[in-house]
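J.: One structure, as structure tokens, below. Some questions next.
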Amino acid sequence: MGMFAVNAFLIFLLVIIAVVALNVHRLFALVMLSGAFSLTAAAQFVVLDAVDVAFTEAAVGAGISTVLALATLSLVPREEKPHAIAPLPALIAVATGALLMVSIGDLPQFGAADAPVHIHVAPDYISGSEKLIGVPNVVTSVLASYRGYDTLGETVVIFTAAIAVLLILAGWTRAPHLRDGETENTHIAQNAQDREDGQKDAG
Amino acid sequence: MSDIAAQWNYYVVIVLMMLGFYAVIARGNMVKKMVGLNIFQTSVFMLYISVGKIDGGTAPILTGDAASVYSNPLPHVLILTAIVVGVATTAVGYALIIRIHEAYGTIEDDEVAALVDADQEARERADAGPAS
């Protein structure tokens, strides 16, 4: 019961952080809230027995993602233009959420040991981990051995993303020397305006 | 009511997902979209991990005690992969934001769209004829 209370409290805390994040206009505060969200989620993962997921979320979600966001913020404006609540997207979100909530009725009871997900392959992984792989941490043996190809695919995705970031930030399409506050003048409309102004000055 | 209390995690996870979803589709600021995506993504992780939880279970690290009940390790593995892939896509997203800011001088999507429209009109005027 105590565990249930901690679980219920942490997930409620996540909702509060998400609502505040949605309403804050300073992007630095927003990024910090995003880090806090990931860290609270990591605490919740510990309560739900997912310790490996918890430390990955804390290191990657709260750590690396926040660093990436701060690096971006050093190069872009730090204020969000205030927005009123957009009715159509709000309606879509509420309708989607309502549909998902209706479908919760079909899910097995939270924490039930006889749910289909627990009686298919998981018992084999748990019983085989020590005997076949020799690793007491079942998550490690599934990740690196039983489903090693998934992890290989994951490294391919990371490699592709790294190439994409390098091409976007250092590729040939990037103007080499932009001074602070300067933007690439690639806009036809702006260039035409500049030409007009130049002709006026000449004439 | 007891049903909502029993399935509390699932209901709140859906609220979290929709908050993130709303931030992604309604907010024009691109950094806010990325944070919304992070919230959306983390709440999907929460859904999976909630499904893997067994009452009275412990973390799936073998204790040697035959009586221990372990929570399902499979969702944990899937979500570990998803977290790492998530940060990779986040990095690409932020790189794109930096490039968009360099090209347009703004990271608000309506302002970027206005600049693109202005360019389009200027191009059409130029194509229509240099006589005017």
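J.: Give B:Ile54, B:Ile49, B:Ile79, B:Ile98 a once-over and let me know the one that is over 22 Å from A:Phe12 (Cα atoms) and either touching a residue at least 60 places away in the same chain (Cβ under 8 Å) or not small (Gly, Ala, Ser) (or both).
T.: Working: B:Ile54 fails: over 22 Å from A:Phe12 (Cα atoms); B:Ile49 fails: over 22 Å from A:Phe12 (Cα atoms); B:Ile79 fails: over 22 Å from A:Phe12 (Cα atoms).
Result: B:Ile98 is the single residue among B:Ile54, B:Ile49, B:Ile79, B:Ile98 that is over 22 Å from A:Phe12 (Cα atoms) and either touching a residue at least 60 places away in the same chain (Cβ under 8 Å) or not small (Gly, Ala, Ser) (or both).
J.: Now, a different point. Do any helices (runs of 4 or more DSSP H) entirely within the stretch A:97-203 hold 1 or more residues that are at pLDDT 85 or above, more than 8 Å from chain B (Cβ to nearest Cβ) and on the phi < 0 side of the Ramachandran plot, and if so, which? Break it down stepwise before answering.
T.: Working: elements: A:116-119, A:122-128, A:138-141, A:148-170, A:188-202.
Helices (runs of 4 or more DSSP H) meeting the threshold: A:116-119, A:122-128, A:138-141, A:148-170.
J.: Considering only the stretch A:1-58, how many residues are of a type in the set (D, E, K, R) and assigned to a helix (DSSP H, G or I)?
T.: Narrowing the stretch A:1-58 to residues of a type in the set (D, E, K, R): A:26, A:49, A:52, A:57.
Add one more test, that the residue is assigned to a helix (DSSP H, G or I), and what stays is A:52, A:57.
Qualifying residue count, the stretch A:1-58: 2.
J.: Quickly run through the stretch A:77-97 and pick out the residues that are within 21 Å of B:Thr106 (Cβ to Cβ) and surrounded by fewer than 11 Cβ atoms within 10 Å (Cβ to Cβ).
T.: Residues satisfying the conditions are A:Glu79, A:Pro82, A:Ala84.
J.: Do the conditions hold for A:Ala50, that is, is it surrounded by 15 or more Cβ atoms within 10 Å (Cβ to Cβ), more than 10 Å from chain B (Cβ to nearest Cβ) and over 14 Å from the mean Cα position of the chain (by Cα)?
T.: Details: surrounded by 15 or more Cβ atoms within 10 Å (Cβ to Cβ): yes; more than 10 Å from chain B (Cβ to nearest Cβ): no; over 14 Å from the mean Cα position of the chain (by Cα): yes.
Answer is no for this residue.
J.: Quick test for you: out of B:Ile83, B:Ile107, pick the one residue that is open to solvent by less than 30 Å² (accessible area, probe 1.4 Å), of a type in the set (A, V, I, L, M) and closer than 20 Å to B:Leu16 by Cα. Break it down into steps so the answer makes sense when it comes.
T.: Numbers: B:Ile107 fails: closer than 20 Å to B:Leu16 by Cα.
Residue meeting the stated conditions: B:Ile83.
J.: Of the residues B:Thr42, B:Thr58, B:Thr106, B:Thr63, which single one is closer than 30 Å to A:Leu48 by Cα and touching a helix residue (DSSP H, G or I) at 6+ places or on another chain (Cβ under 8 Å)?
T.: Details: B:Thr58 fails: touching a helix residue (DSSP H, G or I) at 6+ places or on another chain (Cβ under 8 Å); B:Thr106 fails: closer than 30 Å to A:Leu48 by Cα; B:Thr63 fails: touching a helix residue (DSSP H, G or I) at 6+ places or on another chain (Cβ under 8 Å).
Within the list B:Thr42, B:Thr58, B:Thr106, B:Thr63, the selection yields B:Thr42.
J.: Related question: Can you name the number of the only condition in (1) buried (at least 18 other Cβ atoms within 10 Å of the Cβ); (2) more than 7 Å from chain B (Cβ to nearest Cβ) that A:Gly2 fails?
T.: Only one criterion in (1) buried (at least 18 other Cβ atoms within 10 Å of the Cβ); (2) more than 7 Å from chain B (Cβ to nearest Cβ) is unmet by A:Gly2, namely (1).
J.: On to the next question. Being open to solvent by less than 30 Å² (accessible area, probe 1.4 Å) and not basic (Lys, Arg) is the filter; apply it to the stretch B:51-67 and report the residue that is nearest to the chain's Cα centre (by Cα). Can you show your working first?
T.: In the first step, residues of the stretch B:51-67 are kept if they are open to solvent by less than 30 Å² (accessible area, probe 1.4 Å); the result is B:52-54, B:57, B:59-60.
Still in the running and not basic (Lys, Arg): B:52, B:54, B:57, B:59-60.
Details: B:Gly52: 21, B:Ile54: 27, B:Gly57: 30, B:Ala59: 27, B:Pro60: 27 Å.
Here the answer is B:Gly52.
J.: So for the stretch A:81-90 (the condition being in a loop (DSSP other than H, G, I, E, B), of a type in the set (D, E, K, R) and facing chain B (nearest Cβ under 7 Å)), does at least one residue qualify?
T.: The first filter runs over the stretch A:81-90 and keeps only residues in a loop (DSSP other than H, G, I, E, B), leaving A:81-86.
If we keep only those that are of a type in the set (D, E, K, R) as well, we get A:81.
When the remaining residues are screened for being facing chain B (nearest Cβ under 7 Å), the result is A:81.
Checked against the condition, which is being in a loop (DSSP other than H, G, I, E, B), of a type in the set (D, E, K, R) and facing chain B (nearest Cβ under 7 Å), the stretch A:81-90 yields at least one hit.
J.: Are there helices (runs of 4 or more DSSP H) fully within the stretch B:26-132 with at least 3 residues that are within 7 Å of chain A (Cβ to nearest Cβ) and β-branched (Val, Ile, Thr)? List them. Break it down stepwise before answering.
T.: Working: elements: B:30-52, B:73-104, B:109-128.
Filter on the stretch B:26-132 gives B:30-52, B:73-104.
J.: Collect the residues in the stretch A:102-120 that are surrounded by 14 or more Cβ atoms within 10 Å (Cβ to Cβ), out of contact with any strand residue (DSSP E or B) (no Cβ under 7 Å at 6 or more places or on another chain) and among the small types (Gly, Ala, Ser), keeping them in residue-number order.
T.: Of everything in the stretch A:102-120, those that are surrounded by 14 or more Cβ atoms within 10 Å (Cβ to Cβ), out of contact with any strand residue (DSSP E or B) (no Cβ under 7 Å at 6 or more places or on another chain) and among the small types (Gly, Ala, Ser) turn out to be A:Ala112, A:Ala115.
The values are calculated or read from the model by the stated rules, or taken from the named source; none is laboratory data. All figures in this text were calculated on a predicted structure; none of them were measured in a lab. Note that each Cβ is placed from the backbone with ideal geometry, even for glycine, and that neighbours are counted across all protein chains shown. Heads up: the accessible areas ignore ligands, DNA and RNA and are worked out on the full protein's heavy atoms, side chains in. Shrake-Rupley method; radii C 1.70, N 1.55, O 1.52, S 1.80 Å.
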